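The values are calculated or read from the model by the stated rules, or taken from the named source; none is laboratory data. Bear in mind that the values here come from a model prediction, so they are computed numbers and not experimental data. All Cβ positions, even for glycine, are placed from backbone atoms using ideal geometry, and neighbour counts span all protein chains on display.
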Amino acid sequence: MNTDSEMIRKLSIIFLLILAICFSNFSCGYNNKIAIGSDVAAKIEIFRNKNGKLPNSLTEIGIEESESGPIYYEKQSESKYILWFGKELGETVTYDSETKQWK
């Protein structure tokens with residue numbers, strides 16, 4: 001028969017395992033979106049080099065755009081664009097084509 005303290009210990013272990021799984025999935029999702037976004041940036045740069053201009057949308061480089069993402073594109077000028085994705089509620093990660101960095 002389980003005592004209350006044994007039950008609390010088992011529930012705590014289960015909770016910690018669930019928490020660890022959630023955090024590992026989050027970081028994998030983040031890293032995956034960075035990889036996808038970097039691939040998109042490379043395709044945009046190939047398009048720019050070939051056509052002498054930025055695409056107006058991702059569909060011009062063969063990527064179907066969707067409201068659900070995972071990566072979003074905005075042409076800000078004839079020479080600058082940004083890519084972004086949602087990291088967590090109210091927080092985004094953005095790629096700046098001028099600095100070539102995610103932040």
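Checking each residue in segment 89-98 for being within 20 Å of Tyr30 (Cα to Cα) and without any contact (Cβ under 8 Å) to a residue 24 or more places away in the chain picks out Leu89, Gly90, Glu91, Thr92, Thr94, Asp96.
Residues that are free of Cβ contacts under 8 Å to residues at least 12 places away in the same chain and either among the hydrophobic types (A, V, I, L, M, F, W, C) or not in a loop (DSSP other than H, G, I, E, B) (or both) within segment 47-66 comprise Arg48, Asn49, Lys50, Asn51, Thr59, listed in sequence order. Checked against (1) under 22 Å from Lys103 (Cα atoms); (2) of a type in the set (Lys, Arg); (3) at pLDDT below 90, Arg9 meets all criteria but (1). Here is the figure for segment 74-101: residues that are under 12 Å from the mean Cα position of the chain (by Cα) and either surrounded by 11 or more Cβ atoms within 10 Å (Cβ to Cβ) or among the basic types (Lys, Arg) (or both) total 9. Count of segment 54-82 residues, restricted to those that are aliphatic (A, V, I, L, M), within 13 Å of Lys43 (Cβ to Cβ) and in contact with a strand residue (DSSP E or B) (Cβ under 7 Å, 6 or more places away or on another chain), is 3.
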